[in-house]
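K.L.:
Have a look at this one before I ask anything.
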Amino acid sequence: MNTKNMQEQGYGLFAKFLHWGMAIMVIVLIAVGTYMAGLDKTDPSKMQLAGMHKSFGVIFMLFAMVRVIWSRVNQSPKLPNVLATWEKLLSKTVTGSLYLLMLAIPFTGYAMTNLFGYPVSLFGLVELPTMFAKKPELALLAKQAHVIVVYTLIAALFAHIAGALKHRLLDEPEADVLPRMLPIKPRK
Ligand code: HEM
């Protein structure tokens with residue numbers, strides 16, 4: 001597909017799958033992570049939920065890596081020319097932060113688990129490589145980092161959604177980028 005067509009048709013099927021699939025995953029991972037962190041250590045469902053959280057978190061990390069590579073290999077549609085320079089800059093900063101955070105969140109979760117002295121496994125079936133030796137004092141730091149990057153992601157997501165809605169609802173029709181990611185009609 002040449003650049004002009006790409007700009008008109010929006011993102012490809014695989015990019016859309018990664019975008020919406022990971023959007024759903026991140027919401028569920030945040031909800032389950034917050035719920036399980038609040039459970040008592042003696043609660044047997046805490047271990048079960050943590051196992052699922054870690055396994056799906058690792059799958060999310062793999063998707064994030066594929067997504068970074070995919071976005072490098074395939075040219076993303078360009079931002080509309082009608083956008084002001086500050087809007088383009090802000091949009092690129094928020095998108096760049098989202099990519100970084102999508103990698104940083106599972107990485108800190110993985111590091112925390114190893115640093116507490118546990119291996120990470122995929123659904124208890126495959127044990128994944130241990131990246132860090134046990135160091136409980138660093139594990140507490142990784143745990144704080146895991147929470148901080150999650151809150152930063154939530155803030156970046158709000159900015160991302162607000163930008164998309166502003167271009168859809170308040171700006172001129174040419175600024176609307178939503179139909180490139182969603183099966184909706186462009187504004188007239
Ligand atoms: C996109 C991926 C992920 C998201 C959005 C996410 C989100 C969260 C959230 C919101 C919490 C609750 C924090 C709190 O309020 O204290 C949490 C806790 C936790 N996460 Fe993740 N997480 C992800 C990936 C991972 C991965 C890959 C691992 C490990 C392999 C992991 C391990 C943990 C552990 C062990 C806790 C519990 C900490 C505690 O005991 O309080 N997470 N996560």
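The values are calculated or read from the model by the stated rules, or taken from the named source; none is laboratory data. Keep in mind the model is a prediction, meaning the values are calculated, not measured. Heads up, the Cβs are rebuilt from the backbone with ideal geometry, glycines too, and the neighbour counts pull from every protein chain shown. Protein only, heavy atoms only, side chains kept; ligands, DNA and RNA dropped before computing areas. Shrake-Rupley method; radii C 1.70, N 1.55, O 1.52, S 1.80 Å.
K.L.:
Checking R168 against (1) surrounded by fewer than 15 Cβ atoms within 10 Å (Cβ to Cβ); (2) free of Cβ contacts under 8 Å to residues at least 24 places away in the same chain; (3) away from the ligand (no atom under 12 Å from the Cβ), which single condition isn't satisfied?
P.N.:
Evaluating R168 over (1) surrounded by fewer than 15 Cβ atoms within 10 Å (Cβ to Cβ); (2) free of Cβ contacts under 8 Å to residues at least 24 places away in the same chain; (3) away from the ligand (no atom under 12 Å from the Cβ) leaves (1) as the failure.
K.L.:
Can you work out which of the residues in segment 48-62 that are more than 9 Å from the ligand (Cβ to nearest atom) and farther than 17 Å from K143 by Cβ is least open to solvent (accessible area, probe 1.4 Å)? Give the steps one after another, and end with the answer.
P.N.:
Taking segment 48-62 and keeping what is more than 9 Å from the ligand (Cβ to nearest atom), we get 48-49, 51-52, 62.
Of the ones still in play, those that are also farther than 17 Å from K143 by Cβ are 48, 51-52, 62.
Details: Q48: 135, G51: 33, M52: 92, L62: 91 Å².
That would be G51.
K.L.:
Just for segment 130-148: of the residues that are open to solvent by 80 Å² or more (accessible area, probe 1.4 Å), within 16 Å of K54 (Cβ to Cβ) and of a type outside the set (S, T, N, Q), which one is nearest to the chain's Cα centre (by Cα)?
P.N.:
K143
K.L.:
Moving on. Between R72, R67, which is charged (D, E, K, R), out of contact with any strand residue (DSSP E or B) (no Cβ under 8 Å at 6 or more places or on another chain), without any contact (Cβ under 8 Å) to a residue 60 or more places away in the chain and crowded, with 18+ Cβ neighbours inside 10 Å? Walk me through it before giving the result.
P.N.:
On the way: R72 fails: crowded, with 18+ Cβ neighbours inside 10 Å.
It is R67.
K.L.:
What single numbered condition from (1) among the basic types (K, R); (2) farther than 17 Å from Y11 by Cα; (3) away from the ligand (no atom under 11 Å from the Cβ); (4) modelled with pLDDT under 95 fails to hold for K41?
P.N.:
With respect to (1) among the basic types (K, R); (2) farther than 17 Å from Y11 by Cα; (3) away from the ligand (no atom under 11 Å from the Cβ); (4) modelled with pLDDT under 95, K41 is out only on (3).
K.L.:
Additional query: On the given criteria, is T95 within 11 Å of the ligand (Cβ to nearest atom) and closer than 29 Å to T34 by Cα?
P.N.:
Judged against the criteria, T95 is not a match.
K.L.:
State yes or no: is T113 open to solvent by 30 Å² or more (accessible area, probe 1.4 Å), assigned to a helix (DSSP H, G or I) and in contact with a helix residue (DSSP H, G or I) (Cβ under 9 Å, 6 or more places away or on another chain)? Walk me through it before giving the result.
P.N.:
Values: open to solvent by 30 Å² or more (accessible area, probe 1.4 Å): no; assigned to a helix (DSSP H, G or I): yes; in contact with a helix residue (DSSP H, G or I) (Cβ under 9 Å, 6 or more places away or on another chain): yes.
No; evaluated as a whole, the condition is false for this residue.
K.L.:
I'd like the full set of residues that are assigned to a loop (DSSP other than H, G, I, E, B) and either small (G, A, S) or modelled with pLDDT under 95 (or both), limited to segment 132-150.
P.N.:
Residues of segment 132-150 assigned to a loop (DSSP other than H, G, I, E, B): 132-135.
Passing the criteria: only A133.
K.L.:
Please tell me if L153 is in a helix (DSSP H, G or I) and in contact (Cβ under 8 Å) with a residue 60 or more places away in the chain.
P.N.:
Numbers: in a helix (DSSP H, G or I): yes; in contact (Cβ under 8 Å) with a residue 60 or more places away in the chain: yes.
Here the answer is yes, as L153 does meet what is asked.
K.L.:
Among the residues of segment 14-47, which ones are surrounded by 16 or more Cβ atoms within 10 Å (Cβ to Cβ) and farther than 17 Å from L153 by Cβ?
P.N.:
Answer for segment 14-47, where residues must be surrounded by 16 or more Cβ atoms within 10 Å (Cβ to Cβ) and farther than 17 Å from L153 by Cβ: A15, M36, K46.
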